[in-house]
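The values are calculated or read from the model by the stated rules, or taken from the named source; none is laboratory data. Note that the structure is a prediction, hence the values are computed from the model and not measured. Cβ: placed from backbone, ideal geometry, glycine included. Neighbour counts: every protein chain shown.
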């Protein structure tokens, strides 16, 4: 038996040199998710059929009156029913007050009604859960379904990670960021703990990550490329190249990079270099400028998002991103559509401190909020109303605190913050609602392509 095993294709090697050569070859192995899933499904099905026969033959002894396979078949069939058919089924089962339920809730009610009843037995048994059906069987070792292992770099407080934590198909293994307070906030919210760490050290020869990532996600610092910065490319610009070098080192099946759109102009020299590196590493690239209101995020935020697939073709995620759109045109529409209270206390105008006083600073909830940035200042007593302001009365204007901008940035109410540098942490984050879009787009492609 080999001492070294590839986490993607499960091939084993007796010599580390052969294992290393396998990991770094030009045409990397594919993740054998489907083969593994097929083998697992077949093994579970065969085992259940075998157990069903035994349970039927021992029916008197164990007082079991429900056929396992029929029970599982019924549960699989109801998932294909229309809502009207599900309502009819509920009526047959005597389930009341279900007319207002959605399809998913109706299925849960029917499954709960059909739950297998266990009778006392003297045999050594254990309840395991297979496809949401409780089955009384002897202990079985079930091989877990393969999850895509995620490495998150420049994770901040977890805005980009949020969507990948929400889906069971991903396993966020490690997250790194150099900002102490961002890491503290991250660790208040996720079971996988982030580490305060300089990601440049990942490229050192003796660094051991401890696993092979299937996907790397991150938003390298964008200040050097931003129109709000001094447009001088320095150390923070170099971190974007570092991020790409780490991707090229580990060759994950997928990666996500988020940055400002002006990286292609202000940072053109860096942008051209990283695109060449990614193409040389055989990545197919989907490059899109994302307008966040298209995804039900109530701020005028634009970000460049690159999704890469190793050995893929360019643009494969363009159409899925278009199909995932759920546009809004104002804060009011966002509140109505999501039923989320952003904390305005009934006021309909919000202050955001302008970069200079030739610009307005007051915005109505009947429009979108400007891009959330890492600076929060209250409306000063000396503020002179601008002709573009949507209100001329201070009493109708709210100066947002970080709780309000966190809601506008789509952090859920349950998300905890460490109360240190929160304006910067929130302003630097990817809106969690958009991270959910990214995670869903990638896993949908992965499981259907």
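Things to note:
- When restricted to residues that are touching a strand residue (DSSP E or B) at 6+ places or on another chain (Cβ under 6 Å) and closer than 30 Å to residue 253 by Cα, the stretch 322-355 contains 0.
- Being at pLDDT 90 or above and within 21 Å of residue 429 (Cβ to Cβ) holds for only one residue in 328, 316, and it is 328.
- Residues of the stretch 419-432 satisfying the condition of being touching a residue at least 12 places away in the same chain (Cβ under 8 Å), surrounded by fewer than 22 Cβ atoms within 10 Å (Cβ to Cβ) and either closer than 10 Å to residue 297 by Cβ or over 19 Å from the mean Cα position of the chain (by Cα) (or both): 420, 421, 422, 423, 424
- Of all residues in the stretch 375-400, those satisfying the criterion of being in contact (Cβ under 8 Å) with a residue 40 or more places away in the chain and surrounded by fewer than 16 Cβ atoms within 10 Å (Cβ to Cβ) are 375, 396.
- Test: residue in the stretch 204-212 that is in contact with a strand residue (DSSP E or B) (Cβ under 9 Å, 6 or more places away or on another chain) and surrounded by 24 or more Cβ atoms within 10 Å (Cβ to Cβ): no
- Scope the stretch 291-341; condition part of a loop (DSSP other than H, G, I, E, B) and without any contact (Cβ under 8 Å) to a residue 24 or more places away in the chain; matching residues: 339
- Residue 301 being in the same structural domain as residue 247 (by TED's automatic domain parsing) and closer than 23 Å to residue 428 by Cβ: yes
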